[in-house]
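To keep things clear, I will list the structure first and then write my remarks on it.
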């Protein structure tokens, strides 16, 4: 996509992030897509590639309250959501909020904690609220979770169930920097880290307005049919045990609306769907055992499905 047509505000946010992150434009774009669409991101990659720095830069760019939760096997749900403590002076229970009570949350190594604690995070992601001692506490808006997991170490981990994976709008990887980029990382590491000097581009009210505008991005009926065709074909694919649900269709449409808005359009194109489909749908399907044995990845399946579905050619007319 050409930067010339980019929405000025989203372009400034991305340029701000690039002051900190080197060579990770696509990750910054997709993270911003999820934030604008009101979704969440699962970032699967090895330690040390800049996952935490990415989230911090995004939070600073929109002047959001940033919270980091380091998930461990002994972490309790109350350590995430908060707890009610009795105050003898006031003779009543008072709620002490946990780190989930923020705007942008880094859930680090989410697969290292117990399913019970994972479920506490899941409720917050899905309902935008948490229930503690029978009392429901609304989370601040906007609310965005970027969860990370290490794909290499499996010992002592609790793999995320399919129901929880489905709550993430996007799943992606950062990857290693190339030689030139890594040299630049070293150059910056010699000086004051640029994250400390990063200034906000917009405030939270501005971000909420952007999220509202994105809902008005036009999606033609032919595009909706295109989305449904792609998702439905995952359900009958020979290498797929369980295909994507209707939630996957909704997620793909919302992500496409945010992506189109980012590139200065008030309508969605088939190109948007094609680009986003692997990030939105690959974690929503379960491959058959024989497909995994043959080394077939979920991304390859989704790309294959997208390549076989006829692209809409009808002109978009509002």
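The values are calculated or read from the model by the stated rules, or taken from the named source; none is laboratory data. As the structure is a prediction and not an experimental result, all values here were calculated from the model. Note that we place each Cβ from the backbone using ideal geometry, even for glycine, and neighbour counts take in every protein chain shown.
Restricting attention to segment 17-28, which residues are surrounded by 21 or more Cβ atoms within 10 Å (Cβ to Cβ) and either out of contact with any strand residue (DSSP E or B) (no Cβ under 9 Å at 6 or more places or on another chain) or not assigned by TED's automatic domain parsing to the domain that holds residue 147 (or both)?
17, 20, 21, 24, 28
State which residue is farthest from residue 165 (Cα to Cα) when the search covers only segment 1-46 and only residues that are under 18 Å from the mean Cα position of the chain (by Cα) and assigned to a loop (DSSP other than H, G, I, E, B).
Across segment 1-46, the extreme among qualifying residues is 21.
Starting from residues that are in a helix (DSSP H, G or I) and touching a residue at least 40 places away in the same chain (Cβ under 8 Å), keep the ones in segment 65-81 and report whichever is farthest from residue 253 (Cα to Cα).
In this case the residue turns out to be 78.
Within 16 Å of residue 75 (Cβ to Cβ) and surrounded by fewer than 20 Cβ atoms within 10 Å (Cβ to Cβ): is that true of residue 129 in this structure?
no
Residues are listed down the side, and each one gets a yes or a no for (1) under 23 Å from residue 34 (Cα atoms); (2) free of Cβ contacts under 8 Å to residues at least 12 places away in the same chain; (3) surrounded by 14 or more Cβ atoms within 10 Å (Cβ to Cβ); (4) in contact with a strand residue (DSSP E or B) (Cβ under 7 Å, 6 or more places away or on another chain):
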| residue | (1), (2), (3), (4) |
| --- | --- |
| 164 | yes, no, yes, no |
| 183 | no, yes, no, no |
| 191 | no, yes, no, no |
| 195 | yes, no, yes, no |
| 222 | no, no, yes, no |
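Please report, ordered by residue number, the helices (runs of 4 or more DSSP H) entirely within segment 214-318 with at least 1 residues that are farther than 28 Å from residue 44 by Cα.
Values: elements: 221-235, 246-262, 270-281, 289-293, 298-308.
Result: 221-235.
With farther than 22 Å from residue 302 by Cα and at pLDDT 95 or above as the only criterion, which of 214, 227, 223 stands out?
214
Within the group 269, 242, which residue is farther than 30 Å from residue 141 by Cα and either in contact with a helix residue (DSSP H, G or I) (Cβ under 9 Å, 6 or more places away or on another chain) or assigned by TED's automatic domain parsing to the domain that holds residue 26 (or both)?
Result: 242 is the single residue among 269, 242 that is farther than 30 Å from residue 141 by Cα and either in contact with a helix residue (DSSP H, G or I) (Cβ under 9 Å, 6 or more places away or on another chain) or assigned by TED's automatic domain parsing to the domain that holds residue 26 (or both).
So residue 141 ticks every box in (1) at pLDDT below 85; (2) assigned to a loop (DSSP other than H, G, I, E, B); (3) under 17 Å from the mean Cα position of the chain (by Cα) but one. Which box is left unticked?
Every condition holds for residue 141 apart from (1).
Taking segment 197-211 as the search range and keeping residues that are at pLDDT 85 or above and part of a helix (DSSP H, G or I), which one is surrounded by the fewest Cβ atoms within 10 Å (Cβ to Cβ)?
If we take residues in segment 197-211 being at pLDDT 85 or above and part of a helix (DSSP H, G or I), then 205 is surrounded by the fewest Cβ atoms within 10 Å (Cβ to Cβ).
Given the options 160, 186, 122, name the one that is within 20 Å of residue 30 (Cβ to Cβ) and either modelled with pLDDT under 95 or part of a loop (DSSP other than H, G, I, E, B) (or both).
160
Within segment 49-64, does at least one residue satisfy the condition of being assigned to a loop (DSSP other than H, G, I, E, B) and either closer than 24 Å to residue 159 by Cα or not assigned by TED's automatic domain parsing to the domain that holds residue 20 (or both)? Please lay out each step first, then the result.
As a first pass, look at segment 49-64 and keep what is assigned to a loop (DSSP other than H, G, I, E, B): 49-50, 62-64.
This time we only want the ones that are either closer than 24 Å to residue 159 by Cα or not assigned by TED's automatic domain parsing to the domain that holds residue 20 (or both), so: 49-50.
Looking through segment 49-64, at least one residue is assigned to a loop (DSSP other than H, G, I, E, B) and either closer than 24 Å to residue 159 by Cα or not assigned by TED's automatic domain parsing to the domain that holds residue 20 (or both).
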